[in-house]
1. Over the Cα atoms of the range 78-123, what radius of gyration and what Dmax do you get, in Å?
2. If one computes the Cα centroid of the range 1-60 and of the range 79-100, what distance in Å separates the two points?
3. If you average 1/r over every pair of different alpha-carbon atoms in the range 1-66 and take one over that average, what Kirkwood value in Å do you get?
4. What would the Debye equation give as log₁₀ I(q)/I(0) for the range 1-112 at q = 0.10, 0.17, 0.24 Å⁻¹, counting only Cα atoms as equal point scatterers?
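FYI, it's all coordinate maths here, none of it is from the lab. What you see is a predicted model; the values in this text were computed from it and never measured.
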């Protein structure tokens, strides 16, 4: 397995759909996963580290895990089935040997992982099939833009920013590139799990 990190959120230039970008440790490959506006907001809120006035859904999930004596050890994106990425949550409890594994959408798994500092893992075959190469120079500039974006953006402003997007089903790929909200240059379109084909899912993944 490959431990991935969240490189950021981009917007598909054609459909205006958000894309979460997962990057491998070498920094040379990243996997784009098409998600929707609410999912992008949840991930960005976790990445920003800002405390909301009231707990958001994923903040509440983390609190519920803690109240139940469980913690998120890691998340694993393990396959693409029916044009959909599949992920699981690996939970451990305070009691010795207490472990659970829960099916989850990758976007929910990522939103939880960035809040808990848990590892985000992906099987090598999934990375190999769904990844795109990274332009290192452009990426360094995009990373700085992303940090400045988070520093000056409140959760309410994130909602307004993402509400400008108009997700549409992606059929033949993001041939026109992607407008970068934070970093990465997605050119393929693997989707995110649990829903019918559309902005969350790939039209023809190689996996």
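1. Just the Cα atoms of the range 78-123 yield Rg and Dmax of 11.8, 38 Å.
2. With the range 1-60 and the range 79-100 each reduced to a Cα centre, they are spaced 19 Å.
3. Averaging 1/r across every pair of different Cα atoms and inverting gives 13.3 Å.
4. Listed by q, the Debye log ratios stand at -0.33, -0.92, -1.45.
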